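> Quick one: the structure is below, questions incoming.
The values are calculated or read from the model by the stated rules, or taken from the named source; none is laboratory data. As the structure is a computational prediction, the values presented were derived from the model and not from experiment. Counting neighbours? That spans all protein chains shown, and the Cβs are built from the backbone with ideal geometry, glycine included.
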Amino acid sequence: MNDRAQAVLDFWFDEMVAEKRFKKDKSFDELIKEKFGEDHNKAINNEYDSWQDKPLSCLALIILLDQFSRNLYRDDKRSFEYDAKARLIVNDAVYNGYLDNMDEYQRFFMLLPYIHSEEIIDHDRAYKLLDNYLSNHPNVDQIKKFWKDHTAAIKRFHRYPHRNEILGRRSTPEEIEFLKEPNSSW
(Lines give C-alpha, C1' and ligand atoms only; values in the text may rest on other atoms or scores of the structure.)
Protein backbone atom coordinates (compact mmCIF):
# COMPACT_ATOMS: atom_id res chain seq x y z
CA MET A 1 0.00 0.00 0.00
CA ASN A 2 1.05 3.58 -0.60
CA ASP A 3 2.99 5.01 2.37
CA ARG A 4 0.71 8.03 2.75
CA ALA A 5 -2.44 5.90 2.67
CA GLN A 6 -0.90 3.67 5.33
CA ALA A 7 -0.01 6.75 7.41
CA VAL A 8 -3.67 7.88 7.34
CA LEU A 9 -4.88 4.44 8.45
CA ASP A 10 -2.21 4.07 11.14
CA PHE A 11 -3.07 7.48 12.57
CA TRP A 12 -6.84 7.00 12.48
CA PHE A 13 -7.04 3.43 13.75
CA ASP A 14 -3.87 2.87 15.79
CA GLU A 15 -2.22 6.08 16.97
CA MET A 16 -5.12 8.13 18.26
CA VAL A 17 -7.65 7.64 20.98
CA ALA A 18 -11.01 6.67 19.47
CA GLU A 19 -12.93 9.21 21.58
CA LYS A 20 -11.24 12.09 19.75
CA ARG A 21 -12.76 11.18 16.41
CA PHE A 22 -16.13 12.84 17.00
CA LYS A 23 -15.28 15.58 19.49
CA LYS A 24 -14.57 19.20 18.72
CA ASP A 25 -10.94 19.64 19.71
CA LYS A 26 -8.88 22.45 18.23
CA SER A 27 -5.56 20.81 19.04
CA PHE A 28 -6.67 17.57 17.37
CA ASP A 29 -7.78 19.54 14.30
CA GLU A 30 -4.36 21.24 14.20
CA LEU A 31 -2.61 17.87 14.47
CA ILE A 32 -4.56 16.58 11.46
CA LYS A 33 -3.69 19.74 9.54
CA GLU A 34 -0.01 19.36 10.39
CA LYS A 35 0.17 15.65 9.56
CA PHE A 36 -2.31 15.40 6.68
CA GLY A 37 -3.13 18.86 5.32
CA GLU A 38 -1.00 18.30 2.22
CA ASP A 39 -2.52 14.84 1.68
CA HIS A 40 -6.00 16.33 1.94
CA ASN A 41 -5.15 18.93 -0.70
CA LYS A 42 -3.87 16.21 -3.01
CA ALA A 43 -7.00 14.14 -2.42
CA ILE A 44 -9.38 17.00 -3.22
CA ASN A 45 -7.35 17.79 -6.34
CA ASN A 46 -7.70 14.19 -7.60
CA GLU A 47 -4.01 13.38 -7.12
CA TYR A 48 -4.89 10.38 -4.93
CA ASP A 49 -7.64 8.94 -7.11
CA SER A 50 -5.52 5.82 -7.73
CA TRP A 51 -6.08 4.98 -4.04
CA GLN A 52 -9.54 3.82 -5.08
CA ASP A 53 -8.01 0.73 -6.71
CA LYS A 54 -7.48 -1.20 -3.44
CA PRO A 55 -9.79 -1.60 -0.43
CA LEU A 56 -7.62 -0.16 2.33
CA SER A 57 -6.11 2.71 0.36
CA CYS A 58 -9.68 3.51 -0.72
CA LEU A 59 -10.64 3.67 2.95
CA ALA A 60 -7.72 6.06 3.59
CA LEU A 61 -9.03 8.29 0.79
CA ILE A 62 -12.52 8.25 2.33
CA ILE A 63 -11.08 9.26 5.71
CA LEU A 64 -9.19 12.13 4.07
CA LEU A 65 -12.27 13.39 2.21
CA ASP A 66 -14.96 12.72 4.80
CA GLN A 67 -13.48 12.77 8.29
CA PHE A 68 -10.45 15.02 7.85
CA SER A 69 -12.48 17.64 5.94
CA ARG A 70 -14.58 18.06 9.07
CA ASN A 71 -11.47 18.61 11.18
CA LEU A 72 -9.59 20.82 8.72
CA TYR A 73 -12.55 23.09 8.00
CA ARG A 74 -14.50 22.99 11.25
CA ASP A 75 -17.33 25.55 11.30
CA ASP A 76 -16.71 26.30 7.62
CA LYS A 77 -18.82 25.24 4.65
CA ARG A 78 -15.78 23.49 3.15
CA SER A 79 -16.14 20.82 5.83
CA PHE A 80 -18.98 19.36 3.71
CA GLU A 81 -17.65 20.27 0.28
CA TYR A 82 -16.11 16.88 -0.46
CA ASP A 83 -19.01 14.74 0.79
CA ALA A 84 -20.36 14.06 -2.71
CA LYS A 85 -16.98 12.84 -3.94
CA ALA A 86 -16.61 10.63 -0.87
CA ARG A 87 -20.05 9.07 -1.47
CA LEU A 88 -19.24 8.34 -5.12
CA ILE A 89 -16.08 6.57 -4.02
CA VAL A 90 -17.99 4.61 -1.37
CA ASN A 91 -20.54 3.56 -4.00
CA ASP A 92 -17.74 2.12 -6.13
CA ALA A 93 -16.08 0.51 -3.12
CA VAL A 94 -19.31 -1.24 -2.13
CA TYR A 95 -19.90 -2.36 -5.73
CA ASN A 96 -16.34 -3.72 -5.90
CA GLY A 97 -16.77 -5.75 -2.70
CA TYR A 98 -14.21 -3.79 -0.68
CA LEU A 99 -16.23 -4.13 2.53
CA ASP A 100 -15.55 -7.87 2.46
CA ASN A 101 -11.84 -7.07 2.95
CA MET A 102 -12.25 -4.89 6.04
CA ASP A 103 -12.91 -5.32 9.71
CA GLU A 104 -15.99 -3.77 11.37
CA TYR A 105 -14.15 -0.61 12.47
CA GLN A 106 -12.90 0.01 8.96
CA ARG A 107 -16.32 -0.73 7.46
CA PHE A 108 -17.94 1.80 9.78
CA PHE A 109 -15.76 4.62 8.46
CA MET A 110 -16.20 3.45 4.89
CA LEU A 111 -19.99 3.71 5.28
CA LEU A 112 -20.11 6.91 7.32
CA PRO A 113 -20.31 9.21 4.26
CA TYR A 114 -23.79 7.77 3.62
CA ILE A 115 -24.95 9.00 7.03
CA HIS A 116 -23.28 12.37 6.51
CA SER A 117 -25.38 12.77 3.37
CA GLU A 118 -28.52 14.87 3.32
CA GLU A 119 -30.07 12.46 0.80
CA ILE A 120 -32.41 9.85 2.31
CA ILE A 121 -31.43 7.30 -0.35
CA ASP A 122 -27.90 7.30 1.07
CA HIS A 123 -29.26 6.64 4.55
CA ASP A 124 -31.30 3.73 3.16
CA ARG A 125 -28.11 2.28 1.64
CA ALA A 126 -26.30 2.65 4.94
CA TYR A 127 -28.95 0.69 6.85
CA LYS A 128 -28.89 -2.18 4.34
CA LEU A 129 -25.12 -2.34 4.58
CA LEU A 130 -25.17 -2.00 8.36
CA ASP A 131 -27.17 -5.22 8.64
CA ASN A 132 -24.75 -7.05 6.35
CA TYR A 133 -21.43 -5.63 7.49
CA LEU A 134 -21.67 -4.11 10.96
CA SER A 135 -23.90 -6.54 12.85
CA ASN A 136 -20.83 -7.91 14.70
CA HIS A 137 -19.36 -4.49 15.50
CA PRO A 138 -18.90 -4.26 19.29
CA ASN A 139 -20.72 -0.90 19.29
CA VAL A 140 -23.50 -1.83 16.89
CA ASP A 141 -26.25 -0.58 19.23
CA GLN A 142 -24.56 2.82 19.56
CA ILE A 143 -24.07 2.98 15.80
CA LYS A 144 -27.75 2.23 15.20
CA LYS A 145 -28.80 4.98 17.61
CA PHE A 146 -26.33 7.45 16.13
CA TRP A 147 -27.54 6.68 12.60
CA LYS A 148 -31.20 6.73 13.66
CA ASP A 149 -30.79 10.23 15.16
CA HIS A 150 -29.19 11.46 11.93
CA THR A 151 -31.81 9.86 9.70
CA ALA A 152 -34.65 11.29 11.79
CA ALA A 153 -33.38 14.79 11.04
CA ILE A 154 -33.16 14.04 7.31
CA LYS A 155 -36.65 12.53 7.22
CA ARG A 156 -38.10 15.46 9.09
CA PHE A 157 -36.26 18.38 7.44
CA HIS A 158 -34.63 16.87 4.32
CA ARG A 159 -31.36 18.38 5.55
CA TYR A 160 -29.29 18.71 8.69
CA PRO A 161 -30.47 21.88 10.47
CA HIS A 162 -27.17 22.24 12.36
CA ARG A 163 -25.45 22.90 9.02
CA ASN A 164 -27.75 25.76 8.05
CA GLU A 165 -25.73 28.62 9.52
CA ILE A 166 -22.43 27.30 8.17
CA LEU A 167 -23.91 26.77 4.71
CA GLY A 168 -25.73 30.11 4.67
CA ARG A 169 -29.17 28.48 4.71
CA ARG A 170 -32.09 30.05 6.51
CA SER A 171 -33.47 27.90 9.32
CA THR A 172 -37.19 27.38 9.64
CA PRO A 173 -38.88 27.95 13.03
CA GLU A 174 -39.24 24.15 13.35
CA GLU A 175 -35.51 23.68 12.75
CA ILE A 176 -34.65 26.33 15.33
CA GLU A 177 -36.76 24.47 17.89
CA PHE A 178 -35.24 21.14 16.88
CA LEU A 179 -31.72 22.50 17.46
CA LYS A 180 -32.62 23.16 21.09
CA GLU A 181 -33.22 19.42 21.61
CA PRO A 182 -30.54 16.90 22.59
CA ASN A 183 -28.98 14.87 19.75
CA SER A 184 -29.72 17.54 17.18
CA SER A 185 -26.17 18.63 16.30
CA TRP A 186 -23.24 16.46 15.41
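> List, please: which pairs have Cβ atoms under 8 Å, are six or more places apart or on different chains, and start with a residue in the stretch 23-36 that is in contact (Cβ under 8 Å) with a residue 24 or more places away in the chain and end with one that is part of a helix (DSSP H, G or I) and of a type in the set (V, I, T)?
F36/V8
> Check the stretch 92-107 and report whether any residue there is of a type outside the set (S, T, Y), surrounded by fewer than 20 Cβ atoms within 10 Å (Cβ to Cβ), within 29 Å of N164 (Cβ to Cβ) and without any contact (Cβ under 8 Å) to a residue 40 or more places away in the chain.
No, the stretch 92-107 has no match at all.
> Within the stretch 86-94, is there a residue that is of a type in the set (G, A, S), at pLDDT 95 or above and under 11 Å from the mean Cα position of the chain (by Cα)? Break it down into steps so the answer makes sense when it comes.
Within the stretch 86-94, the first condition is being of a type in the set (G, A, S), and the residues that meet it are 86, 93.
Filter once more, so that each one left must be at pLDDT 95 or above: 86, 93.
Checking which are under 11 Å from the mean Cα position of the chain (by Cα) leaves us with 86.
Yes.
> Under 9 Å between Cβ atoms, at least 6 apart or on separate chains: pull out the pairs that start in the stretch 166-186 with a residue that is over 16 Å from K155 (Cβ atoms) and end on any residue that is assigned to a loop (DSSP other than H, G, I, E, B) and among the aromatic types (F, W, Y).
Listed by first residue and then by second, the contacts come to S185/Y160.
> Among the candidates P113, P182, which residue alone is touching a helix residue (DSSP H, G or I) at 6+ places or on another chain (Cβ under 8 Å) and either in a loop (DSSP other than H, G, I, E, B) or closer than 20 Å to L61 by Cα (or both)? Break it down stepwise before answering.
Values: P182 fails: touching a helix residue (DSSP H, G or I) at 6+ places or on another chain (Cβ under 8 Å).
Answer to the check: P113.
> Any idea which residue in the stretch 145-186 is surrounded by the fewest Cβ atoms within 10 Å (Cβ to Cβ), counting only those that are under 17 Å from the mean Cα position of the chain (by Cα) and closer than 16 Å to D76 by Cα?
So, considering only residues that are under 17 Å from the mean Cα position of the chain (by Cα) and closer than 16 Å to D76 by Cα, the one surrounded by the fewest Cβ atoms within 10 Å (Cβ to Cβ) is S185.
> Which of (1) in a loop (DSSP other than H, G, I, E, B); (2) modelled with pLDDT of 95 or more does N136 not meet, given it meets every other one?
Tallying (1) in a loop (DSSP other than H, G, I, E, B); (2) modelled with pLDDT of 95 or more, N136 fails exactly one: (2).
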